[in-house]
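Submitted below is the structure of interest, expressed as structure tokens.
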Amino acid sequence: MMRFSWQNYKLYAMGENELRPLTKDGYEGNMFGWFPAGWSNGGWLETLSFLSYSPEHKTFKGGLSGATIIDSLDTLYLMELKEEFQEAKAWVKESFHLNVSGEASLFEVNIRYIGGLLSAFYLTGEEVFRLKAIKLGEKLLPAFNTPTGIPKGVVNFKSGSWGWTTAGSSSILAEFGSLHLEFLHLTELSGNQVFAEKVRNIRRVLRKIDKPFGLYPNFLSPVSGNWVQHHVSVGGLGDSFYEYLIKSWLMSAKTDTEAKNMYYEALEAIETYLLNVSPGGLTYIAEWRGGILDHKMGHLACFSGGMIALGAEDAKEEKRAHYRELAAQITRTCHESYVRSDTKLGPEAFWFNSGREAVATQLGESYYILRPEVVESYMYLWRQTHNPIYREWGWDVVMALEKYCRTEAGFSGIQDVYSSIPNHDNKQQSFFLAETLKYLYLLFSEDDVLSLEDWVFNTEAHPLPVNHSDSLGRATRRQ
Ligand code: DMJ
């Protein structure tokens with residue numbers, strides 16, 4: 001599947017961000033691919049005032065290219081697709097230019113490009129990846145020039161300005177909260193403290209600020225350092241912030257106790273205020289709007305089964321079994337969202353109301369865009385429990401992808417998981433190669449292949465080595 005995805009991308013879209021398998025061409029890509037359904041219609045773009053975002057095309061103008069190449073490097077390497085890896089590396093060497101104009105999302109550049117380059121460097125030791133990661137990291141720094149140091153969402157590569165227009169504009173928790181892992185590695189690999197300082201400052205702001213009931217709302221003003229509205233979610237807009245807390249602890253070889261404490265405190269608040277069990281016995285994490293719950297889970301929130309499993313072992317003794325069980329239950333619910341569809345792939349969001357459970361009930365939420373979060377959780381749960389059910393569930397996803405998402409020239413998302421006649425969306429998302437296929441491969445690999453003792457995966461599934469940096473970005477590599 002990986003070879004097929006890569007070969008078609010190479011044939012029709014080499015150097016572009018992503019492949020459009022039906023029209024057999026490339027496109028700039030939807031850098032908002034992780035936003036939950038509903039938000040794009042809800043006027044939030046105006047609230048956020050992204051200068052560069054073109055709502056009509058849902059893309060950024062200009063900017064970096066080759067997202068699929070950088071996102072694929074480590075997957076190709078891991079799968080020993082040597083020729084394909086060499087093709088990707090040659091493109092990075094010769095054609096990945098950083099002196100671009102245009103704008104880009106700080107978050108997406110960090111998780112896809114910097115994460116991808118860092119992993120490629122750590123896996124291969126090839127200098128080109130290290131140097132390009134550092135150069136690109138430097139280009140992101142102007143985004144942090146705000147009164148609080150909380151970065152804005154968009155950076156303009158040419159002018160070095162950053163995207164904001166009004167005092168009301170907000171930064172997003174999942175975006176500014178998902179830089180820590182990569183930025184510590186940038187400091188370690190460059191010797192430049194500036195990267196570590198930026199993320200330490202973000203941590204400082206988040207520690208100090210009052211949290212309603214211990215919860216972290218999704219929008220923060222980079223001007224005042226206050227929350228902008230009280231919407232809390234473990235899915236889109238919040239998700240990887242929580243993921244990076246527990247992974248900061250793990251990546252620091254368990255020295256970053258601040259991150260560990262923040263993670264378990266946040267998880268307790270989530271359990272108290274957002275966690276629910278449906279009448280049919282399905283455990284789910286709802287979304288919170290100033291105290292009122294939306295009884296829904298986004299596909300994006302399904303990563304949380306894996307995260308809670310990963311974090312279970314370092315919880316207080318008396319909580320460990322509970323977290324293991326919670327992780328299994330959430331993963332089971334996400335699996336239900338898959339098996340309750342005709343295609344056996346899950347919708348973008350599913351609800352628990354009016355007697356209907358784990359199915360999409362709102363218009364425009366039935367699509368599946370090759371997202372990884374459910375197989376990601378299967379992988380973590382498999383490694384933790386070795387319960388064969390997770391491999392069976394993963395294999396069912398492989399079969400469904402083959403049946404409904406494979407097209408003549410690559411894999412495509414589908415517009416309605418409840419229809420067995422696929423209506424393809426004509427997009428092979430770069431995270432399909434970076435994450436979905438990598439997590440599936442790891443689900444069927446031995447535990448020592450990218451062992452969870454030695455590696456943490458960034459939120460785009462790019463592996464970063466444990467024990468390289470402590471919370472200050474100092475090298476603490478094991479001998
Ligand atoms: C990926 O780009 C990352 O996993 C991100 O954190 C949110 N989800 C998308 C894929 O669904």
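Of all residues being among the β-branched types (Val, Ile, Thr), crowded, with 16+ Cβ neighbours inside 10 Å and within 21 Å of residue 151 (Cα to Cα) in segment 92-138, which is nearest to the ligand (Cβ to nearest atom)? Just the residue, please.
The extreme case among them is 111.
Can you name the residue in segment 324-365 that is of a type in the set (Val, Ile, Thr) and assigned to a helix (DSSP H, G or I) and, of all such residues, is surrounded by the most Cβ atoms within 10 Å (Cβ to Cβ)?
330
Also, I was wondering about something else. Inside segment 275-324, can you point out the residues that are over 25 Å from the mean Cα position of the chain (by Cα) and closer than 13 Å to residue 351 by Cα?
Listed by number, the residues that qualify are 277, 278, 279, 280.
Then there is this: Within segment 128-150, is there a residue that is part of a loop (DSSP other than H, G, I, E, B), within 23 Å of the chain's Cα centre (by Cα) and modelled with pLDDT under 95?
For segment 128-150, residues part of a loop (DSSP other than H, G, I, E, B), within 23 Å of the chain's Cα centre (by Cα) and modelled with pLDDT under 95: absent.
Does residue 321 count as assigned to a helix (DSSP H, G or I) and closer than 15 Å to residue 358 by Cβ?
Spelling it out, it is not the case that residue 321 is assigned to a helix (DSSP H, G or I) and closer than 15 Å to residue 358 by Cβ.
A further question on this structure: Quick one: would you say residue 418 is of a type in the set (Phe, Trp, Tyr) and part of a loop (DSSP other than H, G, I, E, B)?
Criteria met by residue 418.
Could you say which residue among 435, 392, 453 is within 30 Å of residue 200 (Cα to Cα), charged (D, E, K, R) and away from the ligand (no atom under 13 Å from the Cβ)?
453
Scan the helices (runs of 4 or more DSSP H) fully inside segment 154-271 and keep the ones with 2 or more residues being buried (at least 19 other Cβ atoms within 10 Å of the Cβ), within 16 Å of the ligand (Cβ to nearest atom) and of a type in the set (S, T, N, Q).
239-251
Give segment 367-382 a look and list any residue that's out of contact with any strand residue (DSSP E or B) (no Cβ under 9 Å at 6 or more places or on another chain) and assigned to a loop (DSSP other than H, G, I, E, B), or say none.
Selection gives 371, 372.
Let me ask something else about it. Check 46, 94 and return the single one that is more than 22 Å from residue 300 (Cβ to Cβ), modelled with pLDDT under 95 and either touching a Cys at 6+ places or on another chain (Cβ under 9 Å) or in a helix (DSSP H, G or I) (or both). Give the derivation first.
Working: 94 fails: modelled with pLDDT under 95.
From the options 46, 94, the qualifying one is 46.
Okay, next question. Could you go through segment 297-317 and let me know if any residue there is surrounded by 24 or more Cβ atoms within 10 Å (Cβ to Cβ), assigned to a strand (DSSP E or B) and either at pLDDT 95 or above or small (Gly, Ala, Ser) (or both).
Taking every residue of segment 297-317 in turn, at least one turns out to be surrounded by 24 or more Cβ atoms within 10 Å (Cβ to Cβ), assigned to a strand (DSSP E or B) and either at pLDDT 95 or above or small (Gly, Ala, Ser) (or both).
For residue 398, are the conditions met, namely being among the β-branched types (Val, Ile, Thr) and surrounded by fewer than 21 Cβ atoms within 10 Å (Cβ to Cβ)?
It is true that residue 398 is among the β-branched types (Val, Ile, Thr) and surrounded by fewer than 21 Cβ atoms within 10 Å (Cβ to Cβ).
The values are calculated or read from the model by the stated rules, or taken from the named source; none is laboratory data. Keep in mind it's a predicted model, so treat the numbers as computed, not measured. Cβ: placed from backbone, ideal geometry, glycine included. Neighbour counts: every protein chain shown.
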